[in-house]
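Following: one structure in structure tokens, then a few remarks.
The values are calculated or read from the model by the stated rules, or taken from the named source; none is laboratory data. Remember, it's a predicted structure, so these values are computed and weren't measured experimentally. Because the Cβ atoms are built from the backbone with ideal geometry, glycine has one as well, and the counts that use them run over all protein chains shown. Accessible surface areas use protein heavy atoms only, side chains included; no ligands, DNA or RNA. Shrake-Rupley method; radii C 1.70, N 1.55, O 1.52, S 1.80 Å.
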Amino acid sequence: MQTWIEEGENYILKTYNRFPIVIDHGEGCEVYDTVGKKYLDMTAGIAVNSLGYHHPKLTKALKKQVDELLHISNLYYTKPQVKAAKLLVEHSLFDKVFFCNSGAEANEAAIKLARKYGKQKDTHKTKIVTLKDSFHGRTCGALTATAQPKYQENFMPLMPNFVYAALNDVESIKTIMDDQVCAVLLEVIQGEGGIKVADQSFLQEVQALCKKHDALLMIDEVQTGIGRTGTLFGFEQFNITPDVVTLAKGLGGGVPIGAMMCREDVAVLVPGDHASTFGGNPLVTAAAKVVLEELLEENLMGHIQQVAEHLEGLLSKLVSKYDVVAQRRGVGLIQGIELRVPAAAIINACLEKGVLFVAAGSHVIRFVPPLIVSEEEVGCAVQVLEEVLKSLA
Ligand SMILES: *Cc1c(COP(=O)(O)O)cnc(C)c1O
């Protein structure tokens with residue numbers, strides 16, 4: 001295992017701080033490293049592996065697709081892409097899908113759509129509003145939308161005409177909104193930003209402001225979408241009807257796929273405006289089709305809601321039992337506990353004990369397990385976390 005780590009350090013550009021293990025394979029909600037140690041996984045490749053590891057249907061569909069057609073360009077139609085798009089549209093309030101390869105790219109597509117939508121009304125209607133502590137990706141447009149100085153400061157100047165409001169602060173967005181705003185882009189639960197849940201009243205106020213100023217309401221569901229919160233989209237929990245939504249992470253169950261969805265009346269992008277070589281290729285859309293079918297037709301949604309309720313109960317107990325645990329936040333299977341100490345040492349100790357967690361910001365331990373996780377498995381994970389917390393107390 002050590003050799004792989006050393007060679008990784010030698011050859012791979014160091015843009016990540018990695019845990020010193022080499023993951024080899026996985027089954028269900030567990031992964032194994034190259035020396036055979038087993039880990040229970042509460043990260044799911046950061047909310048990606050919605051069906052866990054080595055899921056029989058996903059594996060079978062991908063193997064079949066490999067035999068038929070890996071890739072062809074968007075010069076042609078393919079059955080998997082049409083099927084995945086149809087499933088998404090038929091189960092949402094959106095009419096059209098644009099496929100790309102990542103969350104950042106999905107947001108880039110949304111940003112371009114918003115700019116064109118605005119400019120068709122008025123050449124100066126190009127302003128985009130996002131929220132402080134948001135996370136929308138690392139490409140230059142998405143990074144401009146990501147209102148966190150630590151991600152932006154080394155890369156100035158960024159894209160012009162982005163302005164930032166604060167989550168759950170209606171006044172902060174009211175003062176910014178005017179007729180030059182073409183879109184508001186936000187997460188209903190800030191994921192990387194620390195599992196911060198938007199208030200329904202805030203979101204409804206933002207929606208009203210968007211209507212008033214003819215700006216698109218665009219929800220970044222890259223982390224919260226595709227069943228994570230117990231509904232297909234996170235925004236469904238907040239009684240709002242956005243114009244645009246962006247997806248990625250869990251949509252492909254582990255293959256790189258992103259998507260931007262919009263209603264017909266705002267679908268202003270036409271041939272020549274936007275494109276992606278790999279976007280929605282047969283391999284990745286064959287995977288998305290399986291994930292969507294599992295969620296929509298196999299009652300995985302009911303399972304998520306049930307396990308989530310159990311997990312919430314366990315985490316709330318940690319809050320009442322341990323001083324160091326300040327708060328539980330989240331909806332469905334995107335949960336976080338905020339600590340009064342940095343999360344890193346606790347996450348390291350859990351890894352030693354065979355459970356994988358990822359932080360959200362510096363002080364939050366995030367739970368984004370595979371959506372197929374069982375009550376027993378989240379129970380085990382919380383138990384290990386509790387042992388570590390106990391040793392601190
Ligand atoms: C992860 C994430 C992104 C970026 O996705 P990439 O696939 O890494 O580009 C964008 N928005 C949200 C809310 C995310 O959680």
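For region 1-160, go through all pairs of different Cα atoms, get the mean of 1/r, take its inverse, and jot down that Kirkwood value in Å. Write out the running numbers ahead of the final one.
Values: mean 1/r = 0.0502 Å⁻¹.
Evaluated on region 1-160, it is 19.9 Å.
What part of the accessible area of the chain, given as a whole %, is carbon or sulfur when the probe is 1.4 angstrom? Mind showing how you got there, number by number?
Numbers: 9570 of 17810 Å².
About 54 percent, which is the carbon plus sulfur part of the accessible surface.
Can you compute the equivalent ellipsoid semi-axes for region 172-252, i.e. the square root of 5 times each eigenvalue of the Cα gyration tensor, sorted largest first and rounded to whole Å? Don't skip to the answer; put the middle values down first.
Working: eigenvalues 101, 32, 25 Å².
Taking √(5λ) for each eigenvalue gives 22, 13, 11 Å, largest first.
Can you tell me the order of 248-254, 34-40 when each peptide is scored by its average per-residue count of other Cβ atoms within 10 angstrom, highest first?
On the way: 248-254: 28.7, 34-40: 14.3.
With the highest mean Cβ count within 10 Å placed first, the list reads 248-254, 34-40.
Can you tell me how much longer the chain between ALA208 and VAL324 gets when fully stretched, taken as 0.36 nm per residue apart minus their C-alpha distance, in nm with one decimal?
Working: separation 116, 0.36 × 116 = 41.76 nm, distance 3.92 nm.
This chain segment gains 37.8 nm when fully extended.
Largest first and to the nearest Å, give the Cα extent of region 74-156 along each principal axis.
43, 31, 27
Would you grab the residues whose amide H sits under 5 Å from the one on ALA183? Only those 5+ places off in sequence or on another chain, please, with H modelled 1.01 Å from N.
When sequence neighbours closer than 5 places are left aside, the close amide H contacts are VAL129, LEU216.
Rounded to the nearest 0.05, what FRET efficiency do ASN168 and HIS91 have when you use their Cβ-Cβ distance and R0 = 25 Å?
Working: r = 29 Å, r/R0 = 1.15.
The formula returns an efficiency of 0.30 here.
Straight-line reach from LYS60: which lysines have a Cα under 16 Å away, not including same-chain ones fewer than 8 places off?
LYS60 reaches LYS289.
So what is the orientation-averaged projected area of region 298-345, using the convex hull of its C-alpha atoms, in nm²?
Working: hull surface 14.8 nm².
Computing the convex hull of the Cα atoms and averaging its projections yields 3.7 nm².
Residues of the chain: accessible area per residue at 1.4 Å, in Å²? Mind dumping the intermediate values first?
On the way: 17810 Å² over 393 residues.
Accessible area per residue: 45 Å².
Could you order the peptides 185-197, 56-68 from most to least packed, using the average number of other C-beta atoms within 10 Å per residue?
Details: 185-197: 23.9, 56-68: 14.5.
Final packing ranking: 185-197, 56-68.
Given N residues in the chain, what is its alpha carbon radius of gyration divided by 2.2 N^0.38 Å?
Values: Rg = 20.8 Å, N = 393, 2.2 N^0.38 = 21.3 Å.
Compactness ratio reported: 0.98.
Report the full-extension gain for the segment ILE5 to GLU68: residue separation times 0.36 nm, less the Cα-Cα distance, to one decimal in nm.
Details: separation 63, 0.36 × 63 = 22.68 nm, distance 3.59 nm.
My answer for the length gained is 19.1 nm.
Would you mind pulling out the separation of the Cα centroids of region 365-393 and region 169-233, in Å?
Region 365-393 and region 169-233 have Cα centres spaced 30 Å from each other.
At 0.36 nm per residue, minus the direct Cα-Cα distance, what do LYS317 and LYS37 gain on full extension? Give it in nm, one decimal, please. The partial results should precede the final answer.
Working: separation 280, 0.36 × 280 = 100.80 nm, distance 2.94 nm.
Contour length minus Cα-Cα distance gives 97.9 nm.
For LEU356, list long-range residues whose amide hydrogen, built 1.01 Å from N in the peptide plane, is under 5 Å from its own amide hydrogen.
Here the answer is LEU40, ASP41, MET42, since their amide H atoms fall under 5 Å of that of LEU356.
Just the number: Rg to Rh for region 208-339, Cα atoms, Kirkwood Rh, two decimals.
Details: Rg = 17.9 Å, Rh = 17.0 Å.
We get a ratio of 1.05 for region 208-339.
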